Amino acid sequence: MTQTGPRRLRNSALDDDSQPQPQPQPSSSTTGMRLIVPLQGIVQGRGGLILGSVIPCAMFYFLQFYLKRRRSPPASNPPSPGNLTDLSRSASRSNLLLPRGRPHVSSRVSSIAKANDSPYYIGLDKATSDPYDRLCNPGGVVQLGLAENRLTLDLIENWITNNLNESILGGGLSVSGIVTYQPHDGMPELKLAMAGLMSQVVGKTVTFNPSQIVLTSGATPAIEILCFALADQGNTFLIPAPYYPGFDRDMKWRTGVELIPVHCRSSDNFTLSIPVLEQAFNQARKRGQKVKGILLSNPSNPVGNLMTRETLLSLLDFAREKNIHIISDEIFSGSTFGDEEFVSMAEIIDSEDADKDRVHIVYGLSKDLSLPGFRVGVIYSYNENVLTVARKMTRFSSVSAPTQRLVTSMLSDTTFIKSYTERNRERLRTMYDLFVDGLKELGIGCTKSSGGLYCWCDMSGLIRPYNEKGELDLWDKLLNVGKINITPGSSCHCIEPGWFRCCFTTLDENDIPVVMERIRLVVEACKSPA
Amino acid sequence: MAIDIVQKPSVGLSKIALSQTHGENSPYFAGWKAYDENPYHEKHNPSGVIQMGLAENQVSFDLLEEFLENNQEATSWGKNVSGFKENALFQDYHGLLAFRKAMASFMEQVRGGKAKFNPERVVLTAGATAANELLTFILANPGDALLVPTPYYPGFDRDLRWRTGVEIVPIHCESSNNFQITLEALESAYDHARSKNMKVRGVLITNPSNPLGATIQRKVLEQILDFVTRKNIHLISDEIYSGSVFHSDEFVSIAEILESRNYKDSERCHIVYSLSKDLGLPGFRVGTVYSYNDQVVTTARRMSSFTLISSQTQFLLASMLSNKEFTEKYIKINRERLRKRYETIVDGLKKAGIECLKGNAGLFCWMNLSPYLKEATRESELEIWKTIMEEVKLNISPGSSCRCSEAGWFRVCFANMSEETLEVALRRLHEFMDRRRNGQVLSME
């Protein structure tokens, strides 16, 4: 079964594992206490508490000191705290007797390598390892936690069959022209075609300039590259919350950048309030944190809101006033289905003469064109310096040449792209309506959203207690009893408990009753007196 | 009365953005610009600059095309409806299992079956450039040091340092022993790093070496492995040219040595590989980190999200690389052709009075122009380099870009052009050396 979504490494496949698994460990002083207390009890009969604790303590600390001196080589590499944590499964005395530890790894590693404890990832793993299939595995876990669009892949497949003879190489068998080194930031033909797609997708209100496009292997590196270019380690970005859980990883892991959530509330339908943004900025300043920019998602993930023209203008004013950047992640801009019109940051900038230097847009083919596997992302910037740096950084994240060729063909077929975008919107709308209506019948409301591949559901009435723990309990029930993976708001840094993101684009219409039935069972169980 | 013009503060960029560590202002890249502006073409621009600074393998391209023509099922998702869909949606950072298996088996074949590779330890990245950077992020913190033998691939200054903040401390190698890595040089580099208060995290070797075009001998590898074990640091072995060794028995991979030691202390070893050189597919962006350390494998896998290989490409190459008949034939013929090219260029240079380091691998030779330097300095070396670029119209890479401690050495690539073009280049160089001998070249007096 093909996997979709991140999975934990299965260590059973690795042989000869004499190496302890990295886990957060009790410190040696805790173990020390475990020794001292019984000793204290033994000695307590003679000499009392003071002698009973001082003597064993002193002995223990001398032992530690002696062993540490013996262990570390006289010269160069003092084991750093991070190293010790990695070394020990349990800080037992036997560990102190090891002549040498494993070679040091960077301080990033222990948080990255540890087992995924976030519900977002645990749920994804579970759904991937036991995926629901109406025919082959009807008892499996339904994946509603991955924003993947399966509704219109058949249209793309047909296009490939009709135009490329199913050839992976993009029509024709020749690899000539694509094997050699290409410009890291993408082939000019693809940039041109991409500019056309982006324009089509935002409703033709903007013309995108191919020379302002930098192509990357997915939107994930696009965001990371912008962070490297705009901010130093320790600098921060303001980010409206709830936000996509992946940002915590994508923006922070290697860049050392911090994120400050700007909380949005259900009373505002989770739209961004400028006064709250201002407050967050000021608080950051008071704490001595340097804010370098704002990261927006528009359409937003996980809520599905579209930013209004007024909000975008206010944001631009705000950024101007504070002299910071704006990164507008518009990866779902082609996946809108409501009555509201989508306004791209590009449209706002077009009508403004000054200050384009602070605006950068991220796009990609993973959502709107359902091609996440192909790794095609875009940085679109108005800042020539940023473009220059980004181009250089794409050497670490380039789009594969055969993919560039195939995608260029497809995007250049503007008739197809136009009809595809329209059909996609229709199918999204249909599925959204069905799903939201189904939830409504269960007494679960959703925010009114107009974009994205998901809906933002209010299950706060079903959680007990009304806090994160209650929310996670419900999440757990839905996953393990209801066999449905949805994303709890706490993974998205939502400040109000009880909200969940449900992606409905991996389903087809026949699956909806099944899903609703499973949710109903869990809902009933929640409502019945404990 | 003067009117003050108020400058609006322009919005700032990061230190990384403003730094010069990307290195693209060095001579290595200046030569590329000269080539871009006036590229040689057999018919349309026979007097243009011949690019001999790009290590790209174009000698076996016909074999790839032949495979694709004869194996059409390999290049289509097929009539099977789910083939394309599942492939298009597949973004798992574990990578396609079929492709990982194919990579592991290809790496075994390239080493003549002398080492085994486990697909579970193969982490996929979009090119070796990303693999080297990824490992650096994992093994070191900003300010830490990696020891790298000189001369080394100019791109390392950027790939290992730019975004990671890690330092490179050179392990100086000298022509007196054919630039082999010695224990003294290792110790000296280590001590130098420590004297600057840098924590040394590992040694990074390229085997076969770029730019030397020579494999590292077994006993030297053993010595390096013992050294890193003693110091409790890592060893990264960039084996990107392992399939480009002219005689298969002359290459020893660190994997072989680890196997012979029963993988004792192997958790400090990591291999970087790619299909860009051996298979001539740099445009496809296919690289791998192969680590013997579980924690590094897990971390690298997750971090590879920033540099995944297109699932389309993985699918295509999985079929190509698991076709053992094709890969065996390709590896064998590719080696042969590279060897012939190497002999052509070395003989041609000899006739022109130029010696090269005795090499046995890679897509380039390490040419010695030190007898012709005015002074044994970097400036003199750059003068010759400039002359060769402007008069002889050849772009070659000066040793100083490779941090070579001796002036006058140059890396000359021979596999990114046709045989005819190589002859043209050799002829030009020959004529240039003749002119110089006859005192007709003023700039070198």
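Read-outs throughout are calculated quantities, based only on the coordinates presented, and are distinct from any laboratory measurement. Keep in mind that what you see is a predicted model, and the values were worked out from it rather than measured. Here the Cβ is made from the backbone with ideal geometry for all residues, glycine too, and neighbour counts use every protein chain on show.
Could you give the size of the charge dipole of the stretch B:255-302 about its Cα centre, using +1 on the Cβ of each K and R and -1 on the Cβ of each D and E, expressed in debye and rounded to the nearest 20? Kindly include the intermediate steps, with their values, before the conclusion.
On the way: 7 positive and 6 negative charges, 45 e Å.
With Lys and Arg at +1 and Asp and Glu at -1, about 220 debye.
Express the C-alpha Rg of the stretch B:77-322 as a ratio against the empirical globular expectation 2.2 N^0.38 Å, rounded to two decimals. Present the calculation step by step, with values, prior to reporting the outcome.
On the way: Rg = 17.9 Å, N = 246, 2.2 N^0.38 = 17.8 Å.
My calculation over the Cα atoms of the stretch B:77-322 gives 1.01.
How would you rank B:S248, B:S76, going from fewest to most other Cβ atoms within 10 Å of each one's own Cβ? Before the final figure, lay out the partial values.
Working: B:S248 16, B:S76 22.
Fewest-to-most Cβ neighbours within 10 Å comes out as B:S248, B:S76.
Can you work out the Karplus-derived ³J(HN,Hα) for every residue in the stretch B:313-321? Use 6.51 cos²θ - 1.76 cosθ + 1.60 with θ = phi - 60°, whole Hz, and x for glycine or proline.
Result, rounded to whole Hz: 5, 4, 4, 4, 6, 4, 5, 5, 6.
Check cross-link reach from A:K126 to the lysines: straight Cα distance under 16 Å, and skip same-chain residues fewer than eight apart.
A:K477, A:K483
Please report the spacing between the Cα centers of the stretch B:96-166 and the stretch A:217-289 in Å, no decimals.
A separation of 31 Å, based on Cα centres.
Say a paramagnetic label sat at a point 7 Å from the Cα of B:R261, along Cα to Cβ; which residues of the stretch B:219-240 have their backbone N under 16 Å from it?
What the label zone holds, given the 16 Å backbone N cut-off, is B:219-238.
In nm, what is the difference between 0.36 nm times the number of residues separating A:Q233 and A:R265 and their Cα-Cα distance? It would help to have the intermediate numbers written out before the result.
Numbers: separation 32, 0.36 × 32 = 11.52 nm, distance 3.00 nm.
Answer, rounded to one decimal: 8.5 nm.
Past 20 Å, Cα to Cα, is the threshold; run A:K322/A:K356; A:K392/B:K196; A:K292/A:K356; A:K204/A:K392; A:K114/A:K252; A:K292/B:K15 against it and keep the listed order. Before the final figure, lay out each step's value.
Working: A:K322/A:K356 15 Å; A:K392/B:K196 30 Å; A:K292/A:K356 16 Å; A:K204/A:K392 30 Å; A:K114/A:K252 16 Å; A:K292/B:K15 13 Å.
The answer is A:K392/B:K196; A:K204/A:K392.
So if we plug the beta-carbon distance of A:L434 and A:Y466 into 1/(1 + (r/R0)^6) with R0 = 35 Å, what FRET efficiency do we get, rounded to 0.05? Don't skip to the end; give the middle numbers.
Values: r = 29 Å, r/R0 = 0.84.
In this case the efficiency is close to 0.75.
Reachable aspartates and glutamates from B:K101, Cα under 13 Å, same-chain residues fewer than 8 places away excluded?
In chain and number order, the partners are B:E120.
Only residues of the stretch B:224-267 count here: report those whose backbone N is under 15 Å from the spot 7 Å along Cα→Cβ of B:E343, or say none.
B:246-248
Efficiency by 1/(1 + (r/R0)^6): what FRET value for A:T205 and B:R427, r their Cβ-Cβ distance, R0 = 51 Å, to the nearest 0.05?
Working: r = 59 Å, r/R0 = 1.15.
The calculated FRET efficiency here is 0.30.
Which far-off residues, 5 or more places away or on another chain, put their amide H under 5 Å from the one on B:G127, with H placed in the peptide plane?
Amide H to amide H, under 5 Å and 5 or more residues apart or across chains, B:G127 pairs with B:V286, B:G287.
Using a simple spin-label model with points 7 Å from Cα along the Cα→Cβ vector, what separation in nm is obtained for A:S176 and B:T387?
That separation, rounded to one decimal, is 3.9 nm.
Which aspartates and glutamates have a Cα lying under 20 Å from the Cα of A:K418, excluding residues fewer than 8 positions away in the same chain?
A:D154, A:E157, A:E189, A:E330, A:D339, A:E340, A:E341, A:E347, A:D368, A:E426
According to a simple spin-label model (label point 7 Å from Cα along Cα-to-Cβ), what is the distance in nm between B:I333 and B:R218?
Computed distance between label sites B:R218 and B:I333 equals 3.2 nm.
At a Förster radius of 35 Å, what calculated FRET efficiency corresponds to the Cβ-Cβ distance of A:T414 and A:E524, to the nearest 0.05?
Working: r = 50 Å, r/R0 = 1.44.
Plugging the Cβ-Cβ distance into 1/(1 + (r/R0)^6) gives 0.10.
Take every Cα pair under 8 Å in chain B that's 6+ residues apart, average their separations, divide by the length, and report that relative contact order as a whole percent.
Relative contact order here is 23 percent.
Once you order the gyration tensor axes a ≥ b ≥ c over the Cα atoms, which shape class does the stretch A:224-376 get: rounded for a/c under 1.5, otherwise prolate or oblate by comparing a/b with b/c? Show your work: numbers first, answer last.
Numbers: a/c = 1.40, a/b = 1.17, b/c = 1.19.
Judged from the Cα gyration tensor, the stretch A:224-376 comes out rounded (a/c under 1.5).
Distance between the C-alpha centers of the stretch A:301-336 and the stretch B:289-355? Whole Å please.
A separation of 44 Å, based on Cα centres.
Please compute the alpha carbon radius of gyration of chain B, then divide it by the globular-protein estimate 2.2 N^0.38 Å. Two decimals is fine. Let's see the in-between values first.
On the way: Rg = 22.9 Å, N = 445, 2.2 N^0.38 = 22.3 Å.
This ratio for chain B stands at 1.03.
Using the basic label-point model (7 angstrom from Cα toward the beta carbon), what is the A:R320 to B:K350 distance in nanometres?
7.2
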